[in-house]
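Let me begin by presenting the structure, written as structure tokens, before commenting on it.
The values are calculated or read from the model by the stated rules, or taken from the named source; none is laboratory data. The model shown is predicted, which means the values in this text are computed figures rather than measured ones. Cβ atoms come from the backbone with ideal geometry, glycine included; neighbour counts cover every protein chain shown. With ligands, DNA and RNA removed, areas are computed over all heavy atoms of the protein, side chains included. Shrake-Rupley method; radii C 1.70, N 1.55, O 1.52, S 1.80 Å.
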Amino acid sequence: MKSLLIILSFLLSSFCLADPGPVQSLVRVNMTSQSYYFYQPWEKQDPSTRRGLGAVIAGDKVLTGAKYLANSTYIEIEHPVTGKKLPAKIEAIDYEANLALLSPLEPMFPDREPLELDTDASAGDTLEAWQVESNGTPLIIESKISRTQVGTTFLDDHEFLQYEVSGVMQFRGGSVTVPMIRDGKLAGLLVSYDSKEQVSEVIAGPIIEHFLTDIADGEYEGFPSLGISVSQTLDDQFRKYLQLPENGGGIYVSEVKPGGTADQSGLKKGDVILSIDGNPIDARGYYTHPEFGKLEYLHLIRSKPFVGDNLKLGILRSGENSDLIVTLDKQPASAELIDPYMFDRAPRYIVLGGLVFQELTRTYLEMYGSDWKNRAPFKLSYADAYPSKYEKEGLDKLVFLSRVIPTKNNVGYEKLSHLIVKKVNGTKITDIKDLDKALAEPLEGFHKIEFTEFPSVIYIDAEEAGKTNVQLKKDYGIHELKQIE
Amino acid sequence: MFVTLFRLSSLCLLIVSQVHGEEESPKDDSFYEAIVRIENTSQKANYSNPWNNGSIRRGSGTGFLIGKNRFLTNAHVVSDSRLVYLKKRNDPKPYKAKILHIAHDCDLALLALEDPSAFEKVPPLYLGGIPKLDTTVRAIGYPVGGDRMSITRGVVSRIEFNTYTHSRVDSHLSIQVDAAINPGNSGGPVVQNGKVVGVAFQGYNGSVAQNTGYMIPVPVIDRFLKDVGDGEYDQYVDLGISEFNLLNPAQRRALGLQKYEGLGVMVGAAYKAGSAEDTLQVGDVLIEIDGLPIASDGFVTIGADRVNMSEVVERKFRDETVQIKFIREGKEQSGEIKLRRFDPAYISGNNYEVTPRYILLAGLLFQPLDRNMYAAHKNRNLHQRYIYNYYSTDGIYEERPEVVVLTSILPDEVNTHFSMFEDNVVDKINGVTIKTLQQAYDSLHPEEMPDFHVIEFIGSGRPLVLETDRVEKAHQRILDKYNVTRDHYLEKPEKG
């Protein structure tokens, strides 16, 4: 009788799929990616494959982290029990928020039970990390949200609501993304774990909701930004100087990015932001969220509203209070002088007789390792930190000579590298397309290339360079001598 | 023109007078009497707490008699000196000496005894020439490991331009020998056939390379002695340009050098305030210096030797001239350049015999950017590092002759919120763009005191604001608390 019961319950559990669980609602995501080799931008680096978990949500879509999908070449979804695989594609991806939505290229496994979203988890709540062992059995690890904060899980300078979760975490099958569940609903995605401190970072439900809502209208615009730098106003002398009350709040606008949301709406350097949409901002830049407690003001700008929404800023300018309505906008990464990240895009370059010209990107600088800020060529990393000097000169991109591949026609130039290009054949170079155009018009048979610093000017024989380019293809196997799109 | 020829012929002379043969010990023991131990008590300026007088240290080196009451040694042996004694071989008595001339750019100094009687009968050592490669030399001095004179032998390994580490920024001819040269040897003679062929001056730390000592060769010594001949040391001079070798055929044709086979270097950068600023510009091609054709790798041939063209300028003194021929836009031109030092390049050179300049206000320490200050602080600020590295090449000195930095803060309630400004470069004070330390001082001490001092920093969007009422109260309190004896020192030192 007892054995029959066990068999019955087993049958029940295998046929009734009403309840979501790790085995029912997850899929493995196998991601192969291959990034460009910026030192030789016509080449790609070795491909690498990572395994993560994805949460199945309504519409047979799979939600996962974006980090390891950068520069992806092949993605597949794997059934956690049967091991059956389906090729998949990216529906939408946001590297700033570290979120991606995938869909299979063939019909989804029919037994997947979609997860609903939970956007209310906050400090003190217990979350379950759902995983599946390699033999197909579920693994659930409980841990508590110790703190709700605004921070980054992937790219610097992009901070969103996240949960900090305390407790030991084990990862099965090399997983890099783990769905976090509260009461059977998806409350977040665990994307990083510090084994020493035993804390994990979880992308919070409200950010996932924002991401999915943005996708739902058919056009993904991403999370808006204001385009300002701010500083605290704790300093009593500074407060007095700004005519702020002694014990109040407010953050000082120390920089306004030209062309950004704040600039377009008339916010100025020196203004003090006292409130955002009626929420008073304290002198450290925090406000009180009804559920999450103290949060950085950034949440009110980046995570809650959408591109096109209006925000009301209460500001103090020269001692006078006023309200400023800003219409939120978002600038693509590619609009920056120096691209802060280059995913799924080929670096733009031109090879001329062995001289390799590129547009400077932070990804290029990051080739110098984690300490790139100190190890990368100083002029270039300084330009990354303070691009305004070049922006004021009207440059859209910083074109530089990255290296010289020795050939017959660049004898004497072998040691030149990391020189910012000013003019070519008399034409000012504001991006790689300018360079391409300028190279079509050599001066008396020579290309005259001017740099911002020593040796200031070099010449290349235009006809010889053309021949050398052919030779370069042969000798060094450079299949593509330019990539300017 | 006479001067020019004279210098050049002296250079030739040095080269032909190369010493031949194997090295033998002198028969006459009096030779060693001319070599002295030098004991120096120094006080090195303190750039972290510039109101302090600096730590007092003792050190020793070697020197030698080269003429009537004239002792030659390294500048670094007697730098920042408060008291110098010479000690004679086999004589326990210290003899008090004074420094007549000190040349930090070539690491040489000339000393004299207050009472020269003890050395009246000692014959001086004579200078030889440039020793040949692979010949033996002897280094004599008082290095670590004992108190008595030490003699080591080695072979001349290499003769080339090298950085003189005492100043960090100067490069001159130097000779590498494989004789053991150790601390204390500094300033001592390196001899061959009874003549001095160099002054031992630097080596490598044993972990980098072993048995590589360096000596200052006779041409550099000679130049120093000539320079001080008029009673004053005038320092080395420089063209104030950077040359780019013209090895590329297309570049040569584009610059119109078809007629000048194998000749010419291009001016790749010409610095404002450099000697050549009115004569040369970027893109000019230098083909001749003082009548010597310049090869496309920047070398000239003097007698039988190929030397870098800068060697020609090296031999010259302040306000002397070089004659140049150059090509601009395909046309040959000639010019004369009056030589001076290119001062901005010395921002990254060590300074000695200096009193640190600073302003301390409300615990905020402001100092002009230079090597000494840079070495004493953390320099975390990117702009400061940028300015330090590109001050001379980017012409920053034109707009900001002095770069004033808030280097550190003595904590007090008046400045407790300012730590984020540490290491930042001052842009403006009370609306005035700061170009000198004096200007910073004047801006902070106006006749009519404003309610606030507003200090803006390069790259920092938020200014530092000081309530002047509070400054007044805090200032004395901070001076007392931190034992600051003096709240500013602004005087500019004589160039030395």
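Points to keep in mind about this one:
- Yes/no for A:Glu255 being in contact with a strand residue (DSSP E or B) (Cβ under 6 Å, 6 or more places away or on another chain), within 30 Å of B:Ser460 (Cβ to Cβ), charged (D, E, K, R) and more than 13 Å from every other protein chain (Cβ to nearest Cβ): no
- Residues in the stretch A:217-231 that are under 25 Å from A:Ser275 (Cα atoms), touching a helix residue (DSSP H, G or I) at 6+ places or on another chain (Cβ under 9 Å) and open to solvent by 30 Å² or more (accessible area, probe 1.4 Å): A:Ser225, A:Ile228.
- Going through (1) surrounded by fewer than 16 Cβ atoms within 10 Å (Cβ to Cβ); (2) in a loop (DSSP other than H, G, I, E, B) one by one, B:Glu160 falls short only on (2).
- Of the residues making up the stretch A:387-397, just one is modelled with pLDDT of 95 or more and open to solvent by 50 Å² or more (accessible area, probe 1.4 Å), namely A:Asp396.
- Within the stretch B:171-200, being open to solvent by 10 Å² or more (accessible area, probe 1.4 Å) and part of a strand (DSSP E or B) holds for B:Ser171, B:Leu173, B:Gln176, B:Lys195.
- One residue stands out in the stretch A:373-386 among those that are surrounded by fewer than 17 Cβ atoms within 10 Å (Cβ to Cβ) and out of contact with any Gly (no Cβ under 9 Å at 6 or more places or on another chain): the one that is nearest to the other protein chains (Cβ to nearest Cβ), namely A:Phe378.
Matching residues to (1) without any contact (Cβ under 8 Å) to a residue 40 or more places away in the chain; (2) within 14 Å of chain B (Cβ to nearest Cβ):
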position	(1), (2)
A:Ala187	no, no
A:Val191	no, no
A:Ser200	no, no
A:Glu209	no, no
A:Gly218	yes, no
A:Pro224	no, no
A:Thr233	no, yes
A:Asp236	yes, yes
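- Any hit, the stretch B:207-216, residues being open to solvent by 40 Å² or more (accessible area, probe 1.4 Å) and modelled with pLDDT of 95 or more: no
- Only one of the listed residues (B:Glu243, B:Glu261) is of a type in the set (D, E, K, R) and within 14 Å of chain A (Cβ to nearest Cβ). That residue is B:Glu243.
- Count of residues meeting criterion [touching a residue at least 24 places away in the same chain (Cβ under 8 Å), in a helix (DSSP H, G or I) and buried (at least 18 other Cβ atoms within 10 Å of the Cβ)] in the stretch A:436-485: 6
- Residue among B:Glu329, B:Glu398, B:Glu336 that alone is more than 30 Å from B:Pro293 (Cα to Cα), in contact (Cβ under 8 Å) with a residue 40 or more places away in the chain and open to solvent by 10 Å² or more (accessible area, probe 1.4 Å): B:Glu398
- Residues being among the aromatic types (Phe, Trp, Tyr) and out of contact with any Leu (no Cβ under 6 Å at 6 or more places or on another chain) - total across the stretch A:391-429: 1
- Breaking point among (1) over 26 Å from the mean Cα position of the chain (by Cα); (2) within 14 Å of another protein chain (Cβ to nearest Cβ); (3) modelled with pLDDT of 95 or more, for A:Gly319: (3)
- Residue in the stretch B:424-433 that is hydroxyl-bearing (Ser, Thr, Tyr), within 31 Å of the chain's Cα centre (by Cα), farther than 22 Å from A:Ser254 by Cα and open to solvent by 10 Å² or more (accessible area, probe 1.4 Å) present: no
- Filtered residues of the stretch A:93-113 (kept if outside any strand (DSSP E or B) and buried (at least 18 other Cβ atoms within 10 Å of the Cβ)): A:Tyr95, A:Glu96, A:Ala97, A:Asn98, A:Met108, A:Phe109, A:Arg112
- Looking across A:Glu128, A:Glu106, A:Glu91, A:Glu78, one residue alone is modelled with pLDDT of 95 or more and within 19 Å of A:Asp183 (Cβ to Cβ). It is A:Glu128.
- Boolean, A:Ala18 is open to solvent by less than 30 Å² (accessible area, probe 1.4 Å) and either at pLDDT below 95 or within 26 Å of A:Asn135 (Cβ to Cβ) (or both): no
- Residue check for B:Val267: on the phi < 0 side of the Ramachandran plot, part of a strand (DSSP E or B) and within 14 Å of chain A (Cβ to nearest Cβ): yes
- Subset tally (residues that are farther than 18 Å from A:Pro245 by Cα and open to solvent by 40 Å² or more (accessible area, probe 1.4 Å)) for the stretch A:279-293: 3
- Out of A:Glu219, A:Glu246, A:Glu255, A:Glu201, sole residue that is within 30 Å of A:Ser166 (Cβ to Cβ) and among the charged types (D, E, K, R): A:Glu201
- Test: residue in the stretch B:320-333 that is within 21 Å of the chain's Cα centre (by Cα) and closer than 30 Å to B:Val282 by Cα: yes
- Every listed requirement among (1) in a loop (DSSP other than H, G, I, E, B); (2) within 14 Å of chain A (Cβ to nearest Cβ); (3) within 27 Å of the chain's Cα centre (by Cα) is met by B:His417 save one, (3).
- Restricting attention to the stretch B:434-466 and to residues that are part of a strand (DSSP E or B) and either open to solvent by less than 20 Å² (accessible area, probe 1.4 Å) or not assigned by TED's automatic domain parsing to the domain that holds B:Tyr386 (or both), the residue that is nearest to B:Tyr374 (Cα to Cα) turns out to be B:Phe457.
- In the stretch A:403-430, residue least open to solvent (accessible area, probe 1.4 Å) [restricted to those that are more than 30 Å from B:Ala295 (Cβ to Cβ) and away from every other protein chain (no Cβ under 14 Å)]: A:Ile429
- Selection status of A:Lys433, surrounded by fewer than 17 Cβ atoms within 10 Å (Cβ to Cβ) and either without any contact (Cβ under 8 Å) to a residue 60 or more places away in the chain or among the hydrophobic types (A, V, I, L, M, F, W, C) (or both): no
- Of the residues making up the stretch B:217-240, those that are of a type in the set (Asp, Glu), within 18 Å of the chain's Cα centre (by Cα) and either within 14 Å of another protein chain (Cβ to nearest Cβ) or open to solvent by 20 Å² or more (accessible area, probe 1.4 Å) (or both) are B:Asp222, B:Glu232, B:Asp234, B:Asp238.
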